[in-house]
Structures are given as C-alpha cells and as structure tokens.
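The structure appears right after this line, and notes come after that.
The values are calculated or read from the model by the stated rules, or taken from the named source; none is laboratory data. The shown structure was predicted, so the numbers you read here are calculated from the model rather than taken from an experiment. Cβ placement follows ideal geometry from the backbone for every residue including glycine, while neighbour counts extend to all protein chains displayed.
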Amino acid sequence: MTNLTRFERGLGLDSTCSICRQGEEDIIHVLRDCKFAKEVWSKIPGGAAVSRSINGEFQSWIISNLTRKSQVTPNWSITFAFTLDSIWYRRNKLIFQNSILSVDQVVGEIRARVNSFVAATLTGAACMRTPLFSSDHWKRPPERFIKLNGDGAVTKDGYGSCGGVVRDSEGRFIIAFSKSLGRCSIIQSELWALLLGLRLIQNHHLGGQISIESDSKEAVKLIEEGCNRGHPCYDLVKSINDLTLHFSFFSFSHIAREANLVVDKLARLRSRLEENMKIFHSPPNFILSLLVADNAVLS
Ligand SMILES: [Zn+2]
C-alpha cells in the first residue's frame, strides 16, 4: 500500500514519498515519477521513453507499455514488467527492512531477471524467479550460447578450491580451470567458481551470450537477489554482477549436483599448495569420461 493510500485510509500520517521526500507517494509516483524510478528507467534499454511520458493515467500507462513494440528492446513487455516489480520490491525493502539498493543494483537485478526469463523460455524450461530450473543431467546451451558450469569445494580443515568448464551449444569443450582459494566458506568457493569462469570467458573473448550454472542454490539466489554490504559474500556477488554487464546476454541457473560432475572433479583437483590457476585448453584426461557422459544424454 502506498503512503498516499495509507494516509487516505487513516493508517498513516504522511503521504510523502519515503524515497525522494518530494511529492505524494501514489503508485505512479513510486513506479514512474519518483527520482529513483526515473533513474532506473533511464538505465534500462528502451526505458528512456517511459520516464519521459509524464502524462497519463496509471492503467493506460501500463497497457500502452505492455503492448508497446520496441526496436531497441524486442522483449519490452517483459522488461517493463520486471522493472515495475523490481522498483516496487526495492521500495518495500527500504520501508519494511530499511535496506537500500542502489540504482545500479536494481538495474542489474532487472537485467538478470529478464535474461534468465528469456533464456529459460528459449530452452523451453519453466520459469520462476529462483531457482530457474533444476535438471539431473547436463544440457547443452541454446545455439550461439556458451555455457559455464562452476563448482566449489572446501576441505574439512577449511581450505577452498573451485573449478569451471565452458562448453558450446554442441557440447564441445572450450576451456576449463581449477584453482585453490585458501581459507573460505563453501558458498564463497561456489561464487569464486562463477567469477573466475566469467573472467576467463571475458579475457579469452569466448562469447557474449552465456548460460551460467551452479549446483549451489544459495549462490544463484545471492547473485539474483543481491546482498547487503555486511554480507561476507558482498564483494564476490558485486564483482559477478558487475562483470555480467559486459556480456550481451546471460542467465544464472541452479542445477542438480548430478548435472555438474565435470566441475565437481575440477574443483577438487587443486591442492592447497598450488596457488596458480590451472587452465586447460583441451580436455584433461580425468574429466574425459564425464564430458562424454554429459553429451550422451540428448538435450
Ligand atoms: Zn519519490
């Protein structure tokens, strides 16, 4: 319920917007006219027109956008709907949890949600916010996509390592890595796997359309939803989200451990004494059978 509605019903004393403190907070203010909302719209591809269209009733504004055809953003109605939802979610987080998300965090979240939605639609999977979909065997990414699988591991005495593999839409091996991490938590090792894998893809110019999979539901959730500065994974999550902005298309999905066996093996490879990242430009023998097994299941 907006502050204006609360005020009108005698439930609140102040109808002013809690975000900008400039004007009454009705629904169209929160979603479109508030300074914060305008900044978000200005950073969404195709969104500049939205914040410029100041006139109009709420309902006609919604309908015209859901039916709008955009050259810049072919999936405009999806982008529009996710943007509304993320702005509203951010407003509620501020009011009910006193937690502040920046414009860039909200924009990053919207991008991730749109990409996940479109990628999941492309692969014919059912679509939910998180987890996107689970599968008990590995699946090839859609045509023109590459797929990064990442995994982390931590020994009983607290030393972490991680690994990742990148494959194309034919299931062909492109590159893999393994790295020891020093002391870290299991969730940090899972996030390191994705961050290092994405860096590898970027540094080697392997492609711009990436499907990213982890068997850690928590890691996917943290990336999708973000975390506050006090969280021990904040820096890792931020680095991953910043890096994804360099790719034209990406999606994060959670998969079953059984679908992630290749990287499970890579993650456990490094002993704690070996500090350098080991990069494989051709498939090492110890994962060959697992790579073949992944490809044997028709996806
Ligand atoms: Zn406002």
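The single condition among (1) in contact (Cβ under 8 Å) with a residue 60 or more places away in the chain; (2) more than 17 Å from Ser161 (Cα to Cα) that Ser178 does not satisfy is (2). Looking for something more than 7 Å from the ligand (Cβ to nearest atom) and touching a Gly at 6+ places or on another chain (Cβ under 6 Å) - is there at least one such residue anywhere in the range 10-17? No, there is no match, as no residue in the range 10-17 is more than 7 Å from the ligand (Cβ to nearest atom) and touching a Gly at 6+ places or on another chain (Cβ under 6 Å). Taking first residues from the range 12-31 that are over 20 Å from Gln97 (Cβ atoms) and assigned by TED's automatic domain parsing to the domain that holds Phe96 and partners that are crowded, with 16+ Cβ neighbours inside 10 Å and among the aromatic types (Phe, Trp, Tyr), the Cβ contacts under 6 Å between residues at least 6 apart in sequence or on separate chains come to Ser15/Phe7.
Restricting the range 136-170 to residues that are surrounded by fewer than 19 Cβ atoms within 10 Å (Cβ to Cβ) and of a type in the set (Gly, Ala, Ser) leaves a set whose member that is farthest from Asn276 (Cα to Cα) is Ser169.
Suppose the filter is under 16 Å from Leu236 (Cβ atoms) and either modelled with pLDDT of 95 or more or in the same structural domain as Glu275 (by TED's automatic domain parsing) (or both); does Gly164 pass it? First the steps, then the outcome.
Working: under 16 Å from Leu236 (Cβ atoms): yes; either modelled with pLDDT of 95 or more or in the same structural domain as Glu275 (by TED's automatic domain parsing) (or both): yes.
When the stated conditions are applied, Gly164 passes them.
Of the residues making up the range 92-104, just one is at pLDDT below 90 and either under 21 Å from Asn75 (Cα atoms) or buried (at least 19 other Cβ atoms within 10 Å of the Cβ) (or both), namely Leu101. Close Cβ contacts (under 7 Å, 6 or more residues apart or on different chains) running from residues in the range 76-91 that are crowded, with 20+ Cβ neighbours inside 10 Å to residues that are acidic (Asp, Glu) comprise Ser86/Glu109.
Within the range 193-230, the set of residues being basic (Lys, Arg) and touching a strand residue (DSSP E or B) at 6+ places or on another chain (Cβ under 9 Å) comprises Lys217, Lys221. Here Ser248 clears all of (1) under 20 Å from the mean Cα position of the chain (by Cα); (2) buried (at least 20 other Cβ atoms within 10 Å of the Cβ) except the condition numbered (2).
Checked against (1) away from the ligand (no atom under 16 Å from the Cβ); (2) at pLDDT 80 or above; (3) not in a loop (DSSP other than H, G, I, E, B), Val30 passes all but condition (1).
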